[in-house]
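Input: a single structure, listed below in structure tokens.
Derivation of every value follows stated rules applied to the coordinates shown; laboratory data play no part. Since the structure is predicted, the reported quantities are computational estimates derived from the model, not experimental observations. Here the Cβ is made from the backbone with ideal geometry for all residues, glycine too, and neighbour counts use every protein chain on show.
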Number of protein chains: 4
Amino acid sequence: MNRTLIDVDGATQALRQFAHERDWQQFHSPKNLAMALSGEVGELTEIFQWMTEADSHAAASAPSTAQAVRDELADVALYLIRLADVLGVDLNAAITDKLAANAARYPVEAARGVSTKYDRLPRS
Amino acid sequence: MNRTLIDVDGATQALRQFAHERDWQQFHSPKNLAMALSGEVGELTEIFQWMTEADSHAAASAPSTAQAVRDELADVALYLIRLADVLGVDLNAAITDKLAANAARYPVEAARGVSTKYDRLPRS
Amino acid sequence: MNRTLIDVDGATQALRQFAHERDWQQFHSPKNLAMALSGEVGELTEIFQWMTEADSHAAASAPSTAQAVRDELADVALYLIRLADVLGVDLNAAITDKLAANAARYPVEAARGVSTKYDRLPRS
Amino acid sequence: MNRTLIDVDGATQALRQFAHERDWQQFHSPKNLAMALSGEVGELTEIFQWMTEADSHAAASAPSTAQAVRDELADVALYLIRLADVLGVDLNAAITDKLAANAARYPVEAARGVSTKYDRLPRS
């Protein structure tokens, strides 16, 4: 599969410049960025914690949560992109490989309609 | 700023097809996907938890962690993209707005070299 | 309220000895332990991510998840206790104060049957 | 080992009463509580994300973070205790078993001074 799955070049450049202008590279070790990513995912989780699954489908349009959902998704995306950049990981190559691995782990017939983890799926 | 910061169209389509073929849309409520994202970030965090900050810079090239780092970054990216799609959030628009908000919150002069959160930065 | 809410003395001592015997104090900075705690909570989250709320009530008795639930709850408890010890925080005093603060934030009448965060509750 | 490692009876009772008075049992499915726990750990993580390991040792005494550290540790403890209660898991038994399992996984001689995960420790 040679198709581009994700392109983060624009954001990567913008985040490099943002950090450079503020002399923040010193704080942006992968360890610290992984923690920051984790903190933002925690904030995203809090939005959904008391919602039913059904209600969660409307979280991005409901007035009381729409902006927060958008903000937290953006924060997660930004720290993820910055972390991949600092680590030197090509996100497009990484997810291309992962999707191929997932397709092998979860064959359509065995995985249909079940949420079981791949190591517990029935073997053909 | 009209530049594209992130383009996830390819991955979004691939993930839709992946879920559709396996009849997994039923599991992919935003609430559940937020949990799955959180679980993957937990796995990413575990890679870095006992590393020094200095060592963490080499995590994507050190033989004992390189593959795991790549895999977990990919998993985080995939669940993030799938979650944004199910919620109907345009990630590029969301991070464009967030970067602009961050630039206003962290003026270059006040924020240089300090990691203080914006509501505690010195006001000019 | 002078009642003991939590007593972690036994576990605190056992964890100190465990770390001391293995010369692991060097790894147990609060920063690292917070990451380890976060990683374990991620593993706990993964158990529940595809379950319905209704099914989640049986997670500690269902054969496929009972042991994992118990193990992950224990891991979270152990890292929490170790982290509080290394930081010098008295967990019993901390949760006693927090419960009192929560009671003030969520008055019975205003909070009954609503999951709204305290800063959005109707004021009497 | 018959010693009590942790005793959460007081907090368990207090949290039951707190939820009952507010009719919050309806929100307290294990799935939701696992998310709430995850959110609080995210807030705890944010306190430490830009700190060096060395500075993190003073987080509970430094004026700018002392109260937040205490509050977040308490929140994590409270949701953990509530989650264990709703699931019917005896935290003391669970951590007693886990500590014994950890002692077997990390023999003193093999584990001394190394943070390697047990499945990668040198076998004697």
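Can you bin the protein assembly as shown into rounded, prolate or oblate? Criterion: square roots of the alpha carbon gyration tensor eigenvalues sorted a ≥ b ≥ c, rounded for a/c under 1.5, prolate for a/b above b/c, oblate for the rest.
Here the protein assembly as shown falls in the rounded category.
Which of the three applies to region D:55-124, rounded, prolate or oblate, going by the alpha-carbon gyration tensor with a ≥ b ≥ c and a/c under 1.5 meaning rounded?
Because a/c hits 1.5 or more and a/b fails to exceed b/c, region D:55-124 counts as oblate.
Find the all-direction average of the projected area of the Cα convex hull for chain D, expressing the result in square nanometres with one decimal place.
10.6
In nm, what does the list of distances from B:PRO107 to its counterparts in the other copies look like, shortest first, when each label sits 7 Å along Cα to Cβ?
Result, one decimal in nm: 4.1, 6.3, 6.4.
Could you give the angle, 0 to 90 degrees to the nearest 10, between helix D:9-22's Cα long axis and the longest principal axis of the Cα atoms of chain D?
Approximately 40 degrees, to the nearest 10.
Within the set of other residues whose C-beta is less than 13 Å from the C-beta of D:ALA93, count the net charge using Lys and Arg as +1 and Asp and Glu as -1.
-1
In terms of the ratio Rg/(2.2 N^0.38 Å) built on C-alpha atoms, what value belongs to region B:35-78?
So the Cα radius of gyration is 1.12 times the expected 2.2 N^0.38 Å.
Would region B:5-61 count as rounded, prolate or oblate if I go by the C-alpha gyration tensor, calling it rounded below 1.5 in a/c and otherwise prolate when a/b exceeds b/c, oblate otherwise?
It is prolate, given that a/c is not under 1.5 and a/b is the larger ratio.
In deg cm²/dmol and to the nearest 500, what is the mean residue ellipticity at 222 nm of chain C if only DSSP H runs of at least 4 residues count, each as -39500 (n - 2.57), divided by the residue total?
When only DSSP H runs of four or more count, the value is -19500 deg cm²/dmol.
Enter the Cα centre distance for the pair region C:27-51 and region B:73-124, rounded to the nearest angstrom.
24
Could you state the angle between the C-alpha long axis of helix C:91-105 and the longest principal axis of the C-alpha atoms of chain C, as a value from 0 to 90 degrees rounded to the nearest 10?
10
Per-residue HN-Hα couplings for region B:62-68, Karplus 6.51 cos²θ - 1.76 cosθ + 1.60 at θ = phi - 60°, whole Hz, x for Gly and Pro?
Ordered by residue, 3J(HN,Hα) equals 5, x, 6, 10, 3, 5, 4 Hz.
Would you mind giving the mean number of other chain beta-carbons within 10 Å of the Cβ of each residue in A:81-88, as a whole number?
Other-chain Cβ atoms within 10 Å of each residue's Cβ, averaged: 5.
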